[in-house]
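Novice: Attaching a single structure in structure tokens format; questions to follow.
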Amino acid sequence: MRFYIFLCGLAILGTGVAALSVLDQSQAPGFLQGALTLGGGIVICGIFSIKMQWHGIIGAGVLALLGAARGLGNLPDLAKFMAGERPRGSTPLLETGVTMICLLLLVKVIRALARERLRRMLEAEE
């Protein structure tokens with residue numbers, strides 16, 4: 001699970017760095033700042049999970065939930081992009097990529113928490 005948290009955090013950081021070369025000079029710094037904030041927070045949660053596993057995993061899940069919720073608000077821009085209206089350039093595609101990464105991480109964290117809950121319930125029965 002830790003590897004997946006680190007991988008998702010680094011992938012989000014990578015999209016921020018890629019935005020510097022793909023986006024306009026006026027939009028790139030804002031996207032980079034958001035990617036550094038979200039991706040860096042997820043990497044920090046991964047580092048934190050080394051010492052206290054479930055605290056770091058839950059923290060990564062909360063950040064993934066926040067990133068996914070923010071990204072789902074950008075779906076109308078993606079629909080406009082697909083229809084051919086591109087006032088923001090290719091920003092909606094990068095935002096959708098970050099949203100998908102966050103959704104995948106969120107699902108993975110929820111599954112891990114459900115497995116841990118089941119393990120603890122079975123352990124308590126014995």
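Novice: Tell me, which residue of region 71-81 that is under 24 Å from S21 (Cβ atoms) and at pLDDT below 90 is most open to solvent (accessible area, probe 1.4 Å)?
Specialist: Looking only at region 71-81, we keep the residues that are under 24 Å from S21 (Cβ atoms), and these are 71, 74, 77-78, 80-81.
Among the residues that remain, those that are also at pLDDT below 90 are: 74, 77-78, 80-81.
Working: N74: 24, D77: 45, L78: 30, K80: 97, F81: 23 Å².
So, considering only residues that are under 24 Å from S21 (Cβ atoms) and at pLDDT below 90, the one most open to solvent (accessible area, probe 1.4 Å) is K80.
Novice: Considering (1) within 16 Å of L106 (Cα to Cα); (2) under 12 Å from the mean Cα position of the chain (by Cα); (3) of a type in the set (S, T, Y), say which one S49 fails and leave the rest.
Specialist: (2)
Novice: Restricting to region 52-61, count the residues that are loosely packed, with under 15 Cβ neighbours inside 10 Å and part of a helix (DSSP H, G or I). Working first, answer last.
Specialist: Start the filter on region 52-61 by keeping residues that are loosely packed, with under 15 Cβ neighbours inside 10 Å, which leaves 52-55.
Then drop every residue that is not part of a helix (DSSP H, G or I), which leaves 53-55.
Looking only at that region, the number is 3.
Novice: Right, another one. Can you tell me which residues in region 89-126 are in contact with a Phe, Trp or Tyr (Cβ under 7 Å, 6 or more places away or on another chain), among the basic types (K, R) and free of Cβ contacts under 8 Å to residues at least 24 places away in the same chain?
Specialist: Matches in region 89-126: none.
Novice: In region 9-22, which residues are open to solvent by 60 Å² or more (accessible area, probe 1.4 Å) and under 10 Å from the mean Cα position of the chain (by Cα)?
Specialist: Step one: list which residues in region 9-22 are open to solvent by 60 Å² or more (accessible area, probe 1.4 Å), which gives 10, 17, 20-22.
Matches in region 9-22: L10 only.
Yes/no matrix, rows are residues, columns are (1) open to solvent by 40 Å² or more (accessible area, probe 1.4 Å); (2) assigned to a helix (DSSP H, G or I):
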position	(1), (2)
L7	yes, yes
S26	yes, no
A35	no, yes
G39	no, yes
C45	no, yes
I50	yes, yes
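Novice: Checking the conditions here, which among G39, G61 is at pLDDT 95 or above and touching a Gly at 6+ places or on another chain (Cβ under 6 Å)?
Specialist: Details: G61 fails: touching a Gly at 6+ places or on another chain (Cβ under 6 Å).
From the options G39, G61, the qualifying one is G39.
Novice: Still on this structure, please answer the following. Identify the residue in region 87-108 that is hydroxyl-bearing (S, T, Y) and over 17 Å from S26 (Cβ atoms) and, among all such residues, is nearest to the chain's Cα centre (by Cα).
Specialist: If we filter region 87-108 for residues that are hydroxyl-bearing (S, T, Y), which is where we start, we get 90-91, 96, 99.
Cutting the leftovers down to over 17 Å from S26 (Cβ atoms) gives us 96, 99.
Details: T96: 10, T99: 6 Å.
It comes out as T99.
Novice: Within region 84-95, track down each residue that is at pLDDT 90 or above and either open to solvent by 40 Å² or more (accessible area, probe 1.4 Å) or assigned to a loop (DSSP other than H, G, I, E, B) (or both).
Specialist: L93
The values are calculated or read from the model by the stated rules, or taken from the named source; none is laboratory data. Computed from a predicted structure; not experimentally measured. We place every Cβ from the backbone using ideal geometry, glycine too, and count neighbours over all the protein chains shown. Note: areas computed on protein heavy atoms with side chains; ligands, DNA, RNA excluded. Shrake-Rupley method; radii C 1.70, N 1.55, O 1.52, S 1.80 Å.
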